[in-house]
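The values are calculated or read from the model by the stated rules, or taken from the named source; none is laboratory data. Treat the numbers as computed from the prediction; the structure is a model and nothing was measured. Cβ placement follows ideal geometry from the backbone for every residue including glycine, while neighbour counts extend to all protein chains displayed. Ligands, DNA and RNA are stripped out before the accessible areas are found, and what is left, the full protein with its side chains, is counted by its heavy atoms. Shrake-Rupley method; radii C 1.70, N 1.55, O 1.52, S 1.80 Å.
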Amino acid sequence: MKHQEIGRNHPEVEKIFQQQAHEISVKVDRAFAFLMLIQWVTCILLGATLTPVTWIGQFSGSLENGLVGLVFGGLFALPPIYCAWVLPGQKITRYIVAVAQMCFSILLIYLTGGRIETHFHVFVSLAALAFYKDVSVLWIASFIVVVDHAVRGFLLPMSVYGESAGVEWRWLEHAAWVVFEDVVLALGVQKIRDEHREMAYSKYQLMQAREEALRLSSLKSNFLSNMSHEIRTPLNSILGFSDILRDTKLDDEQVEYVGTIHRCSDTLLHLINDILDISKIENGLLQIDRHRFDLKELHQDIHKMFSVKCIEKGLELELEMDEGIPTHALGDSHRLRQVLMNLVSNAVKFTDRGKIRIEIKKDPGARTYYWYVRDTGKGIHYDNIKKLFRSFYQEDPSISRKYGGSGLGLMISKNLVELMGGQISVDSKLGEGTTFSFSLPLEEA
């Protein structure tokens, strides 16, 4: 509990709290600026129309009272309007607004001949001023209206109470009601301020948690980067020596062992590269390198790369490119190749019969290219389609045991496509096959 109190009194918590209070004050200042204009116009209209009816004798002229509303209303309205737009959120502004608002209450009571209904403007004004969440504003406003009632109650009671005699001490009753409202509003303001301070403390905790998460993420990234380098160095040696060993005289059993070593090492190397890419993506360190490359050659390489695997599984691998697609383009060929390899690899992996089809189309009216990787595999359940692009997600836990993989490929592909300015989607029917499609903006080179 003591630790929490120290946290709530932290300078950063106070800074956040004051910022929230400032933002509230700015909004209330602007609202009162518009209210001042409305009240100014109202005073002019009341002075010209209603006051002559409520006053008798020398105070009953329409022109005179219209001028009273115009002149005094302007004196009360213009200073707070100016401060609200030049000094919004400042303490002096809300004090000037409080004084002006209560002066308007006084003026309206005067113009209506002290009608009791107009006195409610005082209480409404205090309630409106409470939006500042500053109790001192309420006391300043209340002091002004109490002093006015006391002075005019003795000197010109008709302008306050609509009566000319026996009302000299009625200001005490009015003051009591004003103080009563102040106490109620002050309690409410204090409650709201406590809640805002609690919100500031919660925001501070979220900021601290975010900073800690970013720090830990940075540490994780550095760790993964260092470890991936340390692991890949001996792993590349294992792959190299397994290739050398495979070229020596070996019996069938030894060839199988060497092949197992090579496949396992290659799988582990791909996994390390995927984890490193995920770490870079999470920390915004993955960059796109735009350069000129051979678009057709890239796709032919992808076709050759998976042809052998497709032949082993008895699958057809088709590659179709629109005639309008240029030979060269500007983009990141490495990342495009990575996305295609992930999608085609998955298609080959999860298709046991039929064919894999890679289609590339170009929008004639734009520089947008579209890729489609279609397979005739088992398909994906509709409920699982939206989850495919999550890290480490696989539709069925048995997939990892049967086919291998970590569930990172699609997540990486999605992020790479979006980093390159494109979009990726999937359409699948259970038992019929799946189509992954993505679009990228490429310039012809």
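Points to keep in mind about this one:
- Being at pLDDT below 80, exposed (fewer than 13 other Cβ atoms within 10 Å of the Cβ) and out of contact with any helix residue (DSSP H, G or I) (no Cβ under 7 Å at 6 or more places or on another chain) holds for only one residue in Arg210, Arg215, Arg263, and it is Arg263.
- Residues that are buried (at least 19 other Cβ atoms within 10 Å of the Cβ) and of a type outside the set (Lys, Arg) within region 145-158 comprise Val145, Val146, Asp148, His149, Gly153, Pro157, listed in sequence order.
- Subset tally (residues that are under 55 Å from the mean Cα position of the chain (by Cα), surrounded by 14 or more Cβ atoms within 10 Å (Cβ to Cβ) and not aliphatic (A, V, I, L, M)) for region 227-256: 4
- Restricting the first member to region 211-232 and to residues that are more than 14 Å from Leu271 (Cα to Cα), and the second to residues that are not in a helix (DSSP H, G or I), the beta-carbon pairs closer than 8 Å and six or more apart or on different chains are Ser217/Asn283; Ser218/Asn283; Ser221/Asn283; Ser221/Leu285.
- Any hit, region 160-179, residues being in contact (Cβ under 8 Å) with a residue 40 or more places away in the chain, in contact with a Ser or Thr (Cβ under 8 Å, 6 or more places away or on another chain) and among the hydroxyl-bearing types (Ser, Thr, Tyr): no
- Those residues of region 189-206 which are of a type in the set (Gly, Ala, Ser) and out of contact with any helix residue (DSSP H, G or I) (no Cβ under 7 Å at 6 or more places or on another chain), in sequence order: Ser202
- The set of residues from region 285-317 being under 22 Å from Met420 (Cα atoms), open to solvent by 70 Å² or more (accessible area, probe 1.4 Å) and in a strand (DSSP E or B) comprises just one member, Arg292.
- Residue, surrounded by the most Cβ atoms within 10 Å (Cβ to Cβ), within region 129-143, restricted to residues that are in contact (Cβ under 8 Å) with a residue 40 or more places away in the chain and within 11 Å of Val178 (Cα to Cα): Ala141
- Where Gly69 falls short, out of the listed (1) modelled with pLDDT of 90 or more; (2) buried (at least 21 other Cβ atoms within 10 Å of the Cβ): (1)
- Filter pass, Gly57 being open to solvent by 30 Å² or more (accessible area, probe 1.4 Å), at pLDDT below 85 and small (Gly, Ala, Ser): yes
- Filtered residues of region 238-284 (kept if in a loop (DSSP other than H, G, I, E, B) and in contact (Cβ under 8 Å) with a residue 24 or more places away in the chain): Asn283
- Pairs with Cβ under 8 Å, 6+ apart, first in region 365-394 and at positive phi, second of a type in the set (Lys, Arg) and modelled with pLDDT of 85 or more: Gly379/Lys429
- Selection within region 115-171 - charged (D, E, K, R), assigned to a loop (DSSP other than H, G, I, E, B) and in contact with a Gly (Cβ under 8 Å, 6 or more places away or on another chain): Arg115, Glu163, Glu168
- For the condition open to solvent by less than 30 Å² (accessible area, probe 1.4 Å) and modelled with pLDDT of 90 or more, Ala84 qualifies.
- When Ala200, Ala176 are checked against the criterion of being loosely packed, with under 12 Cβ neighbours inside 10 Å and assigned to a helix (DSSP H, G or I), a single residue qualifies: Ala176.
- Residue that is most open to solvent (accessible area, probe 1.4 Å) [pool: residues in region 318-373 that are among the hydroxyl-bearing types (Ser, Thr, Tyr) and in a strand (DSSP E or B)]: Tyr370
- Scanning region 108-128 for residues that are open to solvent by less than 10 Å² (accessible area, probe 1.4 Å), of a type outside the set (Gly, Ala, Ser) and closer than 19 Å to Leu78 by Cβ gives a single hit, Leu111.
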